[in-house]
1. Counting only protein heavy atoms, what percent of the accessible surface of region 237-276 is carbon or sulfur at a 1.4 Å probe?
2. Taking the alpha-carbon centroid of each part, what is the distance from region 43-70 to region 228-279 in angstrom?
3. Specify the residue with the greatest mean-square fluctuation among 207, 225, 239, computed from a Gaussian network of the chain linking alpha-carbon atoms under 10 Å apart.
4. Quick check on region 5-119: of the DSSP beta bridges with both residues there, what percent are antiparallel, nearest 5%?
5. Taking Cα atoms of region 105-164, Rg/Rh with Kirkwood Rh, to two decimals?
6. Step by step: find N for the chain, compute 2.2 N^0.38 Å, then divide the Cα radius of gyration by it. What's the final number?
7. Over region 1-110, with every protein chain in place, what whole percent of the accessible area is carbon and sulfur at 1.4 Å, could you tell me?
8. Please work out the average accessible area per residue across region 206-266, using the 1.4 Å probe convention, and give it in Å².
Amino acid sequence: MASTLDITPVAGALGAEISGVDLSEDLSNAQFDEIHRAFLDHHVIFFRDQNSLTPDAQKRFARRFGTLNVHPYVQGMEGHPELLEIIKEPEDKLNFGGGWHSDMSFLEEPALGSILYGVEIPAFGGDTLFANQIAAYEALSDGMKEMLGGLNAIHSASREYSARGQSAQARQSMQSETATDAPEYEHPVVRTHPESGRKGLYITPAFTLRFSGMTKRESRPLLNFLFEHSRDERFTCRFRWSQGAVAFWDNRCCWHYALNDYPGQRRHMRRATVNGDRPH
Ligand code: SIN
């Protein structure tokens with residue numbers, strides 16, 4: 001069947017903008033399959049002018065991909081616990097998500113994807129960056145790949161959502177719980193994507209504390225190298241938001257970073273997070 005969608009890559013490493021679909025409508029199976037294919041091929045997909053995407057419609061679209069996560073440390077939107085309202089008021093200093101991460105890697109079964117909707121966008125700044133962790137893995141030497149293939153890492157929300165953590169402090173209008181005693185989960189450093197079968201790095205500066213069986217001090221030099229490598233410009237793309245735009249990223253193979261470069265302005269986003277499976 002001929003495609004009804006227009007899919008335009010936004011950068012070499014990842015990201016594509018899709019037009020020709022209204023996500024608030026009931027998608028046909030063919031439309032869903034095309035969007036799903038683009039999501040797997042491009043790792044993060046963008047849609048503009050989704051002005052009818054109400055909270056219910058956003059959840060309906062997200063549920064086509066899986067069950068929805070209710071964040072353990074951040075209170076959801078009133079009447080919609082599965083949606084996070086990410087708001088930075090003009091007087092707020094910190095940004096939620098202002099650090100490279102993959103959503104919810106601190107869970108035993110981390111998020112598959114996140115669907116972020118732009119409710120109110122600053123006149124300048126507030127873009128989101130994405131980094132392709134499959135490309136980052138593939139660019140490593142064979143020796144490094146082999147070594148990393150035998151390693152697991154410990155992930156936890158304890159640092160980011162502790163009282164001094166960026167996400168806990170960047171409360172804006174969200175209510176954030178502190179997570180000093182948050183559990184730790186072990187995930188492979190190199191993860192095989194459950195749908196594409198491709199290998200990618202699966203560690204994040206926000207939530208990876210150390211390698212399994214090593215101290216934090218022992219882990220730090222290699223983690224620092226990987227964190228720097230993983231966000232290298234050649235693996236990234238950048239999305240300039242507009243009101244009603246949607247970004248849908250694959251947390252199993254992407255990092256993202258919300259830029260905090262719009263002082264004195266308001267930014268209001270709404271996120272649905274789709275549950276995923278245990279990394280292998
Ligand atoms: C997030 O980290 O989920 C938020 C990203 C953004 O606000 O651009």
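The values are calculated or read from the model by the stated rules, or taken from the named source; none is laboratory data. Fair warning: this is a prediction, and the values are worked out from it, not measured in the lab. Don't worry about glycine lacking a Cβ; one is built from the backbone with ideal geometry, like all the others, and counts go over all protein chains shown. The area values use the complete protein model at the heavy-atom level, side chains included, leaving out ligands, DNA and RNA. Shrake-Rupley method; radii C 1.70, N 1.55, O 1.52, S 1.80 Å.
1. 47 percent
2. First find each Cα centre; the distance between them is then 15 Å.
3. 225
4. Percent antiparallel among DSSP bridges in region 5-119 is about 60.
5. Numbers: Rg = 16.8 Å, Rh = 15.7 Å.
A ratio of 1.08.
6. Output field value: 0.96.
7. On the way: 2370 of 5060 Å².
That share works out to 47 percent.
8. Dividing the accessible area of region 206-266 by its residue count gives 45 Å².
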